[in-house]
Every structure is written in structure tokens, then in C-alpha cells.
Amino acid sequence: MASKPYDPRDFYFRQAHKDGLRARSAYKIEEILDKNRLLSAGSKVLDLGAAPGGWLQIMGRRVGPKGRVVGVDLVPIRPLPELPWVTTAVMDIRAEDFPEALARIEKGPFDLVTSDMAPKTSGIKAQDEARSLQLSDLALETAARLLPKGAGFVCKVFMGGDFQSYIRRCGDVFSTVKILRPKASRERSFEHYVIGLNRK
């Protein structure tokens, strides 16, 4: 049986447009949050790879005006005037001064660190998986540095040969580690989301 043709304007794309969301990926973090106790009103979140801002919209609504969401990416993110407690900045997590640059905006600690970062794909599966894991490791290092005991972590990872070793590294930091492939993930995507609960 032939696979379904790729549809860039699929159900989730159209639904995001109807719901006023910037990206179909917003439904991924929505599902993750619905299935795990990661956020509450007043929580503080750091979102890595936050452009174009779909995750920021969902998490900003969840934390409310007493919370704080900081989104960083390599490209500028359009402001969210309806969510003034959401702040964005152009930053590179790979830069040596990233911790200091972030601290100038928000020192932390945070209640949740999320990452939807992905490398520019080359079409070479092994190479793309390796680049994805490098970013995922940086996200994990950032989470380990900024999260207090009991806090949570969400990170996109491309399934590959070193995936299990990454899960073990997450297990060194979090009491519980889950793997979820959200319904909004595209059928042909190798992405999975690693969820760390209860920072040790």
C-alpha cells in the first residue's frame, strides 16, 4: 500500500490557522503538557529554538500573567503583544557566552526547559541524527544547569543510533524519562520528544 502523499497544508496546519497559532507544532507541546504535569499558573519557562512562537503561545497561556516564558532562537521572533509576560531574544545556545546572555534577560531558576531545536537537514540520515543529538545534549546541559529539584524538561530528538544513550543521560538528571511521538508529528518525521520529570 502506497504511503500518503506529503501535504504541507495538512489538518494541523489548517487548524493552527483557525486557532490563531503561529505553527502546527503548537499542538505537539499542547499534547505533551496535557499528558504530563509540567506547567501551572505562575510557572517560569525557557523555550529553546522558539521560532516562530507556536510553543510560546501555548505555554504563555498556560502560565498566565503571573508566569514568565523566555523564548530564544537564532532568528528574531515576532512579539506576542497579547502575552506581555513572554519575552524573546536572538541567541545561539552554542555560543560560549550563552549562559551570561540568558542571565541578562532571566537568571532563573526555571520550572521547565523546552527545546524544539532542529539542525538544518542535509538529507543524510546519520548526519542529521548526529546534529540533532548535539543540540539535544546542549538543551539537556542547559536544563541541568537551570532547573531546580522537581522541575521538568521537554526536548525534540531525531530517533537514531545514539538515541538510547541520550535517554540514559537524561535519566542521570531526571527521576522519570518518557518518550512521546505527538499526534501532530508528520508521518515521515523521525522526531520523538523526550520528557524529563522531577529533576533530581
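Using a cut-off of 18 Å between alpha-carbon atoms, which aspartates and glutamates can reach residue 200, once sequence neighbours fewer than 8 places away in the same chain are excluded? Qualifying aspartates and glutamates at Cα under 18 Å: 111, 137, 141, 172.
Restricting the calculation to Cα atoms, every distinct pair contributes to the Kirkwood radius of the range 11-199, found to be 16.5 Å. With both residues required to sit in the chain, DSSP beta bridges show an antiparallel share near 40%. Taking a spot 7 Å from the Cα of residue 75 along the direction of its beta carbon, which residues of the range 98-133 have an amide N less than 14 Å from it? Answer for this model: 117-121.
Only helices enter this figure: runs of n ≥ 4 DSSP H residues, each worth -39500 (n - 2.57), summed and divided by the residues of the chain, yield -11000 deg cm²/dmol at 222 nm to the nearest 500.
Coordinate-derived values only; no laboratory data. Note that the structure is predicted; figures quoted are calculated from it, not measured. So basically every Cβ, Gly included, is an ideal-geometry build from the backbone, and we count neighbours across all protein chains shown.
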